[in-house]
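Some notes on the structure that comes next.
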Amino acid sequence: MSRLIKLAAAVSVITLAHTAMASAENLKVVASFSIIADFAKNVGGDRVDITTLVGPNGDAHVYEPKPADAAAVAAADVVLVNGLQFEGFLQRLVEASGTKAPVVELTKGGEVLKNAEEEHHHDEASEGEQKHEHEAAEAGHDQHAEEGQEHANEEAHHDHGEFDPHAWQSAHNAEIYVKNIADAFCAADAAGCDTYRANAEAYGQKLEALEAEIKAAVAEIPEDKRVIITSHDAFKYFEHEYGLKFLAPEGVSTESEASAADVAALIKQVKEDRAAAIFVENITNQRLIEQIASETGIKVGGTLYSDALSDEGGQAATYIDMMEHNANTIKGAILGS
């Protein structure tokens, strides 16, 4: 009996050692949120171990990192992030972790859109700067002009970045994310590069098919019924790529709460543009959308997934599932099918 116990213990030690060795061979990857984690899984396959910071149905705009996140980033071989100031928590987390891993911004090289909020702030700041300079010139006070310019600069930087960060809402941009992931994995693990490239190419073909599927779904929607309301301004890339128009009471970040004036202006615009459908999002509070639906008489057409996937087994457990779900939900709500 004693020998059996010793043998079992020895086998257990060997198994644990083998598991540790196998795990050590894998790339340790940290993905900032669930959509990037899904891309990484498709490229890395069984050669990578992925830790996701902001999980399914999580809101990266307002996420507060935990000590375990810093530990994961510290131990990572590669850290994959969206960039474009989407992950507001990222810089302090990376600094706190002391990681030596490359932090790869996956939107690099993609087609990025200007943030309408930023342009609005910039225009206001420029007007303020010109006004202050004009007043100072009339009074002969250069110091006032400098103060006015400083104030304008402060206003210009009180925003969520120059570009809209939600680039993954275009399947074409998703192909750029995947290419950047394959490049990052090859740089970190040259031995697995052929595998990463092959996986990326296979997944890229699925993304091309997805692009065609979304365009076909939107093509079935009459052009005068393509105005849609969502909770926050996360679908401009979908709009740009596929020919729909999205209106939202909140800006590109869920941190920016809509004012009563914003909501009133949106309701007025909805009535003028004759919006065809209104949707809640999986990461935002439904109350505001329900209020707008009540005041406009438009029925809520379902849930769209903007900044996060659903739980496993949900409607949007993968990126492809998410994009298919969004396109079909929009089409179904508008056409009544």
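With a Förster radius of 35 Å applied to the C-beta separation of Ala261 and Glu220, the computed FRET efficiency comes to 0.45. Placing unit charges on the Cβ atoms of the charged side chains and taking the dipole of segment 211-335 about its Cα centre, the candidate lying farthest along the positive direction among Tyr305, Asn282, Leu266 is Leu266.
Between Lys100 and Asp49, full extension at 0.36 nm per residue minus the direct alpha carbon distance yields a gain of 16.6 nm. Under the simplified labelling scheme, the Gln205-Lys114 pair shows an inter-label distance of 4.0 nm, with each label point 7 Å from Cα along Cα→Cβ. Highest-first packing order for the peptide set 273-281, 34-42, 55-63 is 34-42, 273-281, 55-63, based on the mean count of other beta carbon atoms within 10 Å. With 23 Å as the limit, the listed pairs Lys100/Lys206; Lys236/Lys331; Lys179/Lys206 have Lys100/Lys206 beyond it between alpha carbons. If every alpha-carbon in segment 211-335 counts as one equal scatterer, what log10 I(q)/I(0) does Debye give at q = 0.10, 0.16, 0.17, 0.21 1/Å? Evaluating at q = 0.10, 0.16, 0.17, 0.21 Å⁻¹ gives log10 I(q)/I(0) of -0.28, -0.74, -0.84, -1.28.
Between Glu64 and Asn328, the contour length at 0.36 nm per residue exceeds the Cα-Cα span by 91.8 nm. Between segment 178-197 and segment 263-332, the alpha-carbon centres lie 36 Å apart.
Distance between the modelled labels on His240 and Glu312, one decimal in nanometres: 3.4 nm (7 Å Cα→Cβ projection).
Using a simple spin-label model with pseudo-atoms 7 Å out from Cα toward Cβ, Glu290 and Arg92 lie 3.2 nm apart.
Using the Cβ-Cβ distance between Ala190 and Ala74 with R0 set to 35 Å, the FRET efficiency works out to roughly 0.90. Is any residue of segment 45-80 close enough, with backbone N under 15 Å, to a label point placed 7 angstrom from the Cα of Glu25 along the Cα-Cβ axis, and if so, which? Inside the label zone: 45-49.
In this structure, Lys299 and Glu162 have a Cβ-Cβ separation that, at R0 = 45 Å, corresponds to a calculated FRET efficiency of about 0.80. Pairs of Cα atoms in segment 262-337 fall into 5 Å distance bins, from 0 up to the last occupied one, in shares of 3, 16, 23, 22, 18, 11, 6, 1 percent.
Readers should treat all values here as calculations from the given coordinates under stated rules, not as data from a laboratory. Note that the coordinates shown come from a computational prediction; the quantities given were computed from them, not determined experimentally. Here the Cβ is made from the backbone with ideal geometry for all residues, glycine too, and neighbour counts use every protein chain on show.
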